[in-house]
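J.: Pasting a structure below so you can have a look.
No lab work stands behind these numbers, since they all come straight from the coordinates. Since this is a predicted model, take the numbers as computed values, not measurements. Counting neighbours? That spans all protein chains shown, and the Cβs are built from the backbone with ideal geometry, glycine included.
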Amino acid sequence: MMFSEGREIMIAVILAGGNSKRFGRDKLLADICGKPMLYHTIQRLMAARNISHIVLVTSKGKVAVYRELWGNIVSEDYGIGPIGGIYVALKKYGDIFVVGGDMPLINPNLVDMMIERFSEGDYSICIGHWGKELFEPLHAVYSANLITPIAKNISSGEYSLHKLIHRVSNRCLINIRELTPREAQSFFNVNTPRDYEYIRNSLLCVHGK
């Protein structure tokens with residue numbers, strides 16, 4: 001993490017290694033208002049004051065596909081889900097803000113707030129939750145001190161981010177139910193064609209950004 005004008009600055013990591021099985025095709029390339037979904041996620045992260053730059057983490061086989069959209073790409077070949085991408089990014093960059101590429105409603109102000117909350121204490125993670133420890137692991141700040149625990153989980157075949165988070169005691173928690181509706185939309189991710197139509201017709205394209 002770097003300092004600039006008294007602010008905490010962090011690298012944002014977009015995870016783009018999924019297979020989009022429920023969507024039926026590569027959802028990150030699905031058109032929203034004339035642009036791929038991934039473009040909207042990138043643009044909203046670029047608007048966050050506490051993000052220094054953005055890195056896309058994907059599988060080696062998808063690097064060429066996404067490079068046309070974003071040049072700063074890191075490949076990972078664990079093939080074990082999001083935990084593999086997070087592990088690679090943490091080792092390379094240290095503390096990171098992690099989001100899924102299928103989150104085109106990312107709220108820049110909420111991103112800034114979560115990074116600032118993370119920097120205020122000795123936290124290993126700053127993460128949104130819906131109560132009863134229902135976490136949003138792909139919209140969170142991860143500390144470099146999770147590298148060793150994640151490495152141990154991977155070596156033992158434990159790839160669940162939720163199980164990892166449950167074992168972390170020094171968590172910064174953001175109650176999503178206490179956020180404004182616009183802030184809470186930041187956690188919306190597109191999994192199915194129905195989610196896609198909701199985003200495309202009801203939000204971005206009809207009402208604008």
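J.: Under 11 Å from the Cβ of E158, count the other residues' Cβ atoms, weight Lys and Arg +1, Asp and Glu -1, and hand me the total.
T.: +3
J.: So which GluC sites (Glu not before Pro) in region 118-168 end up in coil per DSSP with only 12 or fewer other C-beta atoms within 10 Å? It would help to have the intermediate numbers written out before the result.
T.: Numbers: sites: E120, E133, E158; in loops: E120, E133, E158.
Passing sites in region 118-168 are E120, E133.
J.: For C33, C172, what ranking results if the residue with the fewest other Cβ atoms within 10 Å of its Cβ goes first?
T.: With the fewest neighbours first, C33, C172 line up as C33, C172.
J.: Grab the other residues whose beta carbon is less than 10 angstrom from that of L56, score K and R as +1, D and E as -1, and report the net. It would help to have the intermediate numbers written out before the result.
T.: Values: positive: K62, R67; negative: none.
Residues close to L56 contribute a combined charge of +2.
J.: Another question, then. Determine the sum of side-chain charges near I127: Lys and Arg each +1, Asp and Glu each -1, restricted to other residues whose C-beta is under 12 angstrom from that of I127. Before the final figure, lay out each step's value.
T.: Details: positive: R117, R171; negative: E133, E136.
Taking every Cβ under 12 Å from that of I127, the sum is 0.
J.: While we're on this one: Please order W70, W130 by the number of other Cβ within 10 Å, starting at the fewest.
T.: Listing W70, W130 from fewest to most nearby Cβ atoms yields W130, W70.
J.: Kindly work out what percent of the DSSP beta bridges joining two residues of region 2-207 are antiparallel, to the nearest 5.
T.: If I count the DSSP bridges inside region 2-207, around 45 percent turn out antiparallel.
J.: If you average the C-alpha positions of region 52-75 and of region 135-154 separately, how far apart do those two centres end up, in angstrom?
T.: 20 Å
J.: Could you derive backbone 3J(HN,Hα) for region 125-131 from the dihedral phi with the Karplus parameters 6.51, -1.76 and 1.60 (θ = phi - 60°), listing whole Hz in sequence and x where the residue is Gly or Pro?
T.: Each residue's phi maps through the Karplus curve to give 7, 10, 9, x, 8, 9, x Hz.
J.: On average over all directions, what projected area in square nanometres does the chain have, based on the convex hull of its Cα atoms?
T.: Projected over every direction and averaged, the Cα hull of the chain covers 11.4 nm².
J.: Calculate for the chain the 222 nm mean residue ellipticity that helices alone would give, adding -39,500 (n - 2.57) per DSSP H run of length 4 or more and normalising by residue count, nearest 500 deg cm²/dmol.
T.: -8000 deg cm²/dmol
J.: For G128, list long-range residues whose amide hydrogen, built 1.01 Å from N in the peptide plane, is under 5 Å from its own amide hydrogen.
T.: E136, I174
J.: How high is the relative contact order of the chain, in percent, with contacts defined as C-alpha pairs under 8 Å that are six or more residues apart?
T.: 23 percent
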